[in-house]
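Engineer: Would you mind keeping the following structure in view while I ask a few things?
The values are calculated or read from the model by the stated rules, or taken from the named source; none is laboratory data. Remember, it's a predicted structure, so these values are computed and weren't measured experimentally. All Cβ positions, glycine included, derive from the backbone under ideal geometry; neighbour counts span all protein chains shown.
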Amino acid sequence: MHSSFLRRILVIGTLDTKGEEIRYLKEQLLAAGSFPEIVDIGVMGEPLFAADVRREEIAACAGESVEELRQGGDRGRAVAAMQRGLVAWIGKRHAQSPLAGVLAIGGSAGTSVATAAMQKLPIGVPKLMVSTMASGDTRPYVGTTDLCMMYSVADFTGLNRLTRTVLGNAAHAMAGMACAAVPAPPEAKQAKLLAATMFGVTTPCVNRVKELLEETGCELLVFHATGTGGLAMEQLVRDGFVEGVLDITTTEWADELVGGVLSAGPHRLEAAGEKGVPQVVSVGALDMVNFGAPETIPEKFRGRKFYQHNPNVTLMRTRPEENRELGRILVEKVSAAKGPVTIMLPLRGVSAIDAEGGPFHDPEADRMLFDSIRREVSIMHSASVKLVEMDVHINDPVFADRLVEEFNAISGGQRIGAKS
């Protein structure tokens with residue numbers, strides 16, 4: 001049986017507009033054997049009942065007064081203030097007394113406030129947001145965390161047979177997640193934790209790398225390079241979870257540069273360098289920019305070379321001049337690294353569809369990428385950056401073998417994943 005300390009759950013919401021629903025969540029959590037702690041983030045109206053953590057405490061963490069926010073009548077300012085306050089408050093609260101979970105309900109404003117705070121909690125702390133916004137684009141709310149979102153179906157305007165069902169399910173789901181910590185395998189405590197990036201078109205390479213690394217007990221976290229995937233990997237590196245990076249698939253930079261839909265932003269390829277962890281970097285899928293269905297592609301790209309990956313994903317071939325700039329950016333990013341870096345170039349193609357005979361086979365565009373990287377590395381003259389070229393395709397097994405060999409060479413001399 002777990003103690004109340006271990007099963008204490010924050011319940012976040014606005015007690016002026018969603019008091020009935022929050023009280024129902026409290027009842028359900030208590031019935032499930034958990035111990036809810038109610039946090040009020042309302043401002044404008046009077047709370048339906050007294051919270052365990054009053055709105056005044058949250059506002060004070062943002063240097064604001066609830067009374068002044070209310071008198072100002074500016075709802076946007078009030079929401080922003082409560083978001084800042086909750087973000088500041090929740091980190092201190094978890095540090096003082098670790099939480100078993102966080103459950104919140106809200107519309108657009110409440111969702112923004114609560115999820116901003118949830119994102120500050122460590123991965124592994126259960127986080128569940130019941131929201132009217134959960135059926136749309138949830139990326140701003142989830143970010144790079146393990147936050148769960150549940151669609152409320154109907155708006156929060158009091159209790160009825162539908163909202164009771166949805167909220168009851170949410171409460172019992174949270175109680176279940178908070179009931180017991182997921183035990184880690186004993187061997188995981190000793191395993192070296194590494195990270196790699198993958199796309200469908202670089203899967204054979206990454207799978208081979210994973211196989212080699214796991215043969216000696218390493219754990220490899222593989223991130224789908226879809227924008228959020230790259231951001232999640234970099235956040236874990238910054239948080240100190242990852243001891244080395246095999247950044248095989250840097251395609252997110254093509255979307256950032258050209259204007260695709262899977263960009264990871266302008267700071268991609270920076271975290272490993274900042275932390276000084278060893279990294280091997282390659283050019284996987286830099287032959288493509290990602291879009292949705294054909295009708296969603298911007299007009300300015302008309303006439304470019306496209307490949308229909310599936311009904312909802314359309315790939316566009318990068319041009320030589322774009323590849324030249326991608327090469328420059330890649331070297332610029334890794335050259336700032338505090339730790340060792342090896343750049344690896346597969347000269348016969350950077351993705352499954354860039355191979356000879358494939359729809360994106362374009363030797364001139366690839367040559368521009370490789371020449372740009374060679375030129376920038378030669379100008380840089382950095383002893384911490386090594387360039388390795390192989391006259392093979394990225395998905396040839398020998399390229400994966402060499403990736404692991406090069407990582408071994410820069411990871412403190414430990415032979416990771418190498419076959420005797």
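Engineer: Confirm whether Pro140 is closer than 26 Å to Gly230 by Cβ and either of a type in the set (S, T, N, Q) or modelled with pLDDT under 90 (or both).
Structural biologist: yes
Engineer: Another question, then. Within segment 256-304, count every residue that is crowded, with 24+ Cβ neighbours inside 10 Å, in contact with a Ser or Thr (Cβ under 8 Å, 6 or more places away or on another chain) and small (Gly, Ala, Ser).
Structural biologist: Residues flagged as crowded, with 24+ Cβ neighbours inside 10 Å, in contact with a Ser or Thr (Cβ under 8 Å, 6 or more places away or on another chain) and small (Gly, Ala, Ser) within segment 256-304 amount to 4.
Engineer: Hey, any hits in segment 53-75 for a residue that's of a type in the set (Val, Ile, Thr) and not in a helix (DSSP H, G or I)?
Structural biologist: Checking segment 53-75: at least one residue is of a type in the set (Val, Ile, Thr) and not in a helix (DSSP H, G or I).
Engineer: Looking only at segment 82-95, decide whether some residue is closer than 21 Å to Lys18 by Cα, in contact with a helix residue (DSSP H, G or I) (Cβ under 8 Å, 6 or more places away or on another chain), of a type in the set (Val, Ile, Thr) and not in a helix (DSSP H, G or I).
Structural biologist: No, there is no match, as no residue in segment 82-95 is closer than 21 Å to Lys18 by Cα, in contact with a helix residue (DSSP H, G or I) (Cβ under 8 Å, 6 or more places away or on another chain), of a type in the set (Val, Ile, Thr) and not in a helix (DSSP H, G or I).
Engineer: Now a separate question. Please identify the pairs in which a residue from segment 29-52 that is surrounded by fewer than 13 Cβ atoms within 10 Å (Cβ to Cβ) has its Cβ atom under 7 Å from the Cβ atom of a residue that is part of a loop (DSSP other than H, G, I, E, B) and among the polar types (S, T, N, Q), counting only partners at least 6 apart or on another chain.
Structural biologist: Gly45/Thr17
One line per residue, one yes/no per condition, for (1) of a type in the set (Val, Ile, Thr); (2) free of Cβ contacts under 8 Å to residues at least 24 places away in the same chain:
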residue	(1), (2)
Ile90	yes, no
Ala109	no, no
Thr144	yes, no
Met150	no, yes
Leu162	no, yes
Ala171	no, no
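Engineer: Identify, from the list Gly339, Gly358, the residue that is surrounded by fewer than 19 Cβ atoms within 10 Å (Cβ to Cβ), under 25 Å from the mean Cα position of the chain (by Cα) and not in a strand (DSSP E or B).
Structural biologist: Being surrounded by fewer than 19 Cβ atoms within 10 Å (Cβ to Cβ), under 25 Å from the mean Cα position of the chain (by Cα) and not in a strand (DSSP E or B) holds for just one of Gly339, Gly358, which is Gly339.
Engineer: Continuing with the same structure: At pLDDT 95 or above, over 27 Å from the mean Cα position of the chain (by Cα) and in a helix (DSSP H, G or I): which single residue out of Glu321, Glu325 fits that description?
Structural biologist: Glu321
Engineer: Among the residues of segment 361-397, which ones are at pLDDT 95 or above and assigned to a loop (DSSP other than H, G, I, E, B)?
Structural biologist: His361, Asp362, Asp391, Val392, His393, Ile394, Asn395, Asp396
Engineer: Taking the condition under 30 Å from Asp401 (Cα atoms), assigned to a helix (DSSP H, G or I) and modelled with pLDDT under 90, does Ala184 pass?
Structural biologist: So Ala184 does not fit the description; no.
Engineer: Do the conditions hold for Met133, that is, is it at pLDDT 95 or above, closer than 23 Å to Gly229 by Cα and crowded, with 18+ Cβ neighbours inside 10 Å?
Structural biologist: The answer is no for Met133.
So that you can scan it fast, the table gives a plain yes or no per residue for (1) surrounded by 15 or more Cβ atoms within 10 Å (Cβ to Cβ); (2) within 23 Å of Gly19 (Cβ to Cβ); (3) modelled with pLDDT of 90 or more:
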{"site": "Ala104", "(1), (2), (3)": "yes, yes, yes"}
{"site": "Thr115", "(1), (2), (3)": "yes, yes, yes"}
{"site": "Gln119", "(1), (2), (3)": "yes, no, yes"}
{"site": "Leu162", "(1), (2), (3)": "no, yes, yes"}
{"site": "Asn169", "(1), (2), (3)": "no, yes, yes"}
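Engineer: Check off (1) in contact (Cβ under 8 Å) with a residue 40 or more places away in the chain; (2) crowded, with 18+ Cβ neighbours inside 10 Å; (3) under 31 Å from the mean Cα position of the chain (by Cα) for Asn408 and give me the number that stays unchecked.
Structural biologist: Condition (1) is where Asn408 drops out.
Engineer: Could you tell me whether any residue of segment 243-256 is more than 25 Å from Val392 (Cβ to Cβ), modelled with pLDDT under 95 and not assigned by TED's automatic domain parsing to the domain that holds Thr144?
Structural biologist: Yes - at least one qualifying residue is present in segment 243-256.
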